[in-house]
Amino acid sequence: MDLSLTKKELILAGYDASLGQRGRADRTRDSYRKIVERFFGWLEKEGITELGQADKTLMTRYREYLFHRTNPCLSLKTQSMHLVCLRGFFRYLEKSNQLLSNPTMHWELPKVPDSLPRVILSEPQIKKLLAVPELDTALGLRDRAIMELLYASGIRNTELRNLRLYDLDFESGTIRIEHGKGDKTRVVPMGSIAGHYLREYLNAARPKLFTKGRKHLPRAQNDVVFVSFFGRKISAGSLVHLIQKYLEAAGIKERIGAHTFRHSCATHLLRHGAPLRVLQELLGHTSLDTTQKYLRVEIIDLKKVHAKTHPREQC
């Protein structure tokens, strides 16, 4: 296989396709492509013309470049993302028999402190937000079903947009998430209220939206659950835009996306007694450490309430 950097567009296309097959979100694929392009640019400056020349010594030099010589300086989290991406990139080249070995195989990644969710909506805010969409319109019914499902199940933006009709099981009240983060599959509850609005959307709204764009809709998208005004698969940007629109209508000033519903779902479940192991399964976390950040959010909230209400704090 020719791994000359003159063929970098072909190499990048193959890598991007492999990310797509593993269910990576569009934004993640775009970010990873830029990271690999940056790496290619560094190789060219170093006079390297073949990816096969990238041995352990060269990759150590690039790692040092990321940590000490980049301008502007990258945050520890961004540096770690670069390393994760490149390790995966070389793993792809090795598995596809384009390289004999992976020069990043023994990389140890820097420990990045877990960041707490920046915005958690309160239960009254969620209730107020969910009541905004007008249910007598196809889009309003769709949007209510979307936000109800995001909050009830804690699924991600990409996971919601990739839902297919056959992923929904109303008899058991569950949804199947195919190719979630890390290419994992899991089954999560949809919730009775979310299930009600999802049924209403599928019966009364989706046929109207789907009919508008039927001539232009690719055959592979015919079974997508949530569609746009013209019957196409709803985009990530459109999902963020519709959530922000309802936030403004509800008088909520925070700027959030679909992930805030996920954070709020986990925090509220924990607040009402859900075990961490259950949250781990619901959210699809590989490690319980990732789930435990919501426990830290609860402790921070507890400290705030304690400071405001405990008699000794009022002295």
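The values are calculated or read from the model by the stated rules, or taken from the named source; none is laboratory data. No experiment lies behind these values; they were computed from the predicted model shown. For neighbour counting, all protein chains shown are included, and Cβ atoms are generated from backbone atoms with ideal geometry for every residue, glycine included.
Just a few scattered comments:
- Contact map, the range 119-146: residues that are within 17 Å of Pro207 (Cβ to Cβ) and in the same structural domain as Ala194 (by TED's automatic domain parsing) paired with residues that are outside any helix (DSSP H, G or I) and among the charged types (D, E, K, R), Cβ distance under 8 Å, separation 6+ or inter-chain. Pairs shown: Gly140/Glu134.
- The one condition in (1) in contact (Cβ under 8 Å) with a residue 60 or more places away in the chain; (2) within 20 Å of Glu94 (Cβ to Cβ); (3) among the acidic types (Asp, Glu) that Asp16 fails to fulfil: (1)
- Conditions (1) surrounded by 13 or more Cβ atoms within 10 Å (Cβ to Cβ); (2) aliphatic (A, V, I, L, M); (3) at pLDDT below 85; (4) over 21 Å from the mean Cα position of the chain (by Cα): number failed by Val297: (4)
- For the range 154-198, filtered to residues that are small (Gly, Ala, Ser) and over 24 Å from Ile126 (Cα atoms), the residue that is modelled with the lowest pLDDT is Gly182.
- Among the conditions (1) at pLDDT 90 or above; (2) under 24 Å from the mean Cα position of the chain (by Cα), Val112 misses just one, which is (1).
- Residue count for the range 130-146 satisfying the condition of being touching a Phe, Trp or Tyr at 6+ places or on another chain (Cβ under 9 Å) and more than 10 Å from Tyr197 (Cα to Cα): 5.
- Taking the listed residues Glu94, Glu64, the one that is surrounded by fewer than 15 Cβ atoms within 10 Å (Cβ to Cβ), in a helix (DSSP H, G or I) and modelled with pLDDT of 80 or more is Glu64, with no other qualifying.
- Long-range neighbours under 6 Å by Cβ, at least six apart or interchain, first residue surrounded by 15 or more Cβ atoms within 10 Å (Cβ to Cβ) within the range 242-255, second not basic (Lys, Arg): Leu242/Asp143; Tyr246/Leu129; Tyr246/Val132; Ala250/Leu129; Ala250/Val132; Ile252/Gln125
- Matching residues in the range 127-157 - criterion: being of a type in the set (Val, Ile, Thr) and surrounded by 21 or more Cβ atoms within 10 Å (Cβ to Cβ): Ile146, Ile155
- Some residue of the range 38-61 being free of Cβ contacts under 8 Å to residues at least 24 places away in the same chain and within 27 Å of Asn162 (Cα to Cα): no
- Meets criteria (assigned by TED's automatic domain parsing to the domain that holds Arg164 and at pLDDT 85 or above) for Gln244: yes
- Members of the range 248-263 found to be part of a helix (DSSP H, G or I) and either over 12 Å from the mean Cα position of the chain (by Cα) or not aliphatic (A, V, I, L, M) (or both), listed by number: Glu248, Ala249, Ala250, His259, Thr260, Phe261, Arg262, His263
- Reported count of residues in the range 199-223, each being among the hydrophobic types (A, V, I, L, M, F, W, C) and either in a loop (DSSP other than H, G, I, E, B) or at pLDDT 90 or above (or both), is 4.
- Every residue from the range 14-49 that is part of a loop (DSSP other than H, G, I, E, B) and more than 17 Å from the chain's Cα centre (by Cα): Glu46, Gly47, Ile48, Thr49
- Taken as a whole, the range 178-192 holds at least one residue that is in a helix (DSSP H, G or I), without any contact (Cβ under 8 Å) to a residue 60 or more places away in the chain and over 22 Å from the mean Cα position of the chain (by Cα).
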